[in-house]
Amino acid sequence: MSCIFCDIREKKVPAEIVYEDEDIMAFRDADPRAPVHILIIPKKHILSLSEIDEEDRELIGRICRVAARIARQESIARSGFRLVVNSGPDAGQAVDHLHFHLLGGRSMSWPPG
Ligand code: DGP
């Protein structure tokens, strides 16, 4: 089954990559909703947050640390940022490869729509 984020991971589809290691990749969202809008993905194809299991515990923790590191890199650590995961249809998940939205650079309202 084709997956756009797997294609980005494989560099078959271009993206502005801002972070990469053996297990994690981060790139700018193609349809940014904030001045800083970066997607952080596990390289491993996990369908959604509901599909993670015990063996992914360290990976998910590392993704959060990568998010904080990118926030510093993008100068939004002090002003503030959001790390958002849309999981499933009610949340509006459009791409079935687990991804964390890192959003910042503007003030945001709560709750999200
Ligand atoms: P979600 O609704 O949580 O599944 O968000 C999917 C996000 O992925 C959405 O903000 C737009 C982004 N996106 C979709 N296709 C591409 C792509 O080909 N390249 C990049 N950089 N982002 C994409």
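I'd like the Karplus ³J(HN,Hα) series for region 11-25: coefficients 6.51, -1.76, 1.60, θ = phi - 60°, whole numbers in Hz, and an x wherever there's a Gly or Pro.
Going residue by residue, I get 6, 7, 10, x, 7, 8, 7, 10, 7, 7, 9, 4, 10, 9, 9 Hz, with x marking Gly and Pro.
Could you give the angle, 0 to 90 degrees to the nearest 10, between helix 57-73's Cα long axis and the longest principal axis of the Cα atoms of the chain?
40 degrees
Please flag any cysteine in the chain that has no other cysteine's Cβ under 4.7 angstrom from its own Cβ.
Isolated Cys, the chain: C64.
Multiply the residue gap between A30 and Q73 by 0.36 nm, knock off their C-alpha separation, and tell me the result in nm, one decimal place. Let's see the in-between values first.
Numbers: separation 43, 0.36 × 43 = 15.48 nm, distance 1.94 nm.
Length gained, A30 through Q73: 13.5 nm.
Would you please calculate the Kirkwood hydrodynamic radius of the chain over all C-alpha pairs and express it in Å, rounded to one decimal? Don't skip to the answer; put the middle values down first.
Details: mean 1/r = 0.0691 Å⁻¹.
Taking every pair of different Cα atoms in the chain, averaging 1/r and inverting gives 14.5 Å.
Amide H of M25: which non-local residues (sequence gap of 5 or more, or other chain) have their own amide H closer than 5 Å, using H built in the peptide plane?
Here the answer is I41, K43, since their amide H atoms fall under 5 Å of that of M25.
Here, each number is a calculation from the coordinates, and none is a lab measurement. In this text, all values refer to a predicted model and were calculated from it rather than measured experimentally. Because the Cβ atoms are built from the backbone with ideal geometry, glycine has one as well, and the counts that use them run over all protein chains shown.
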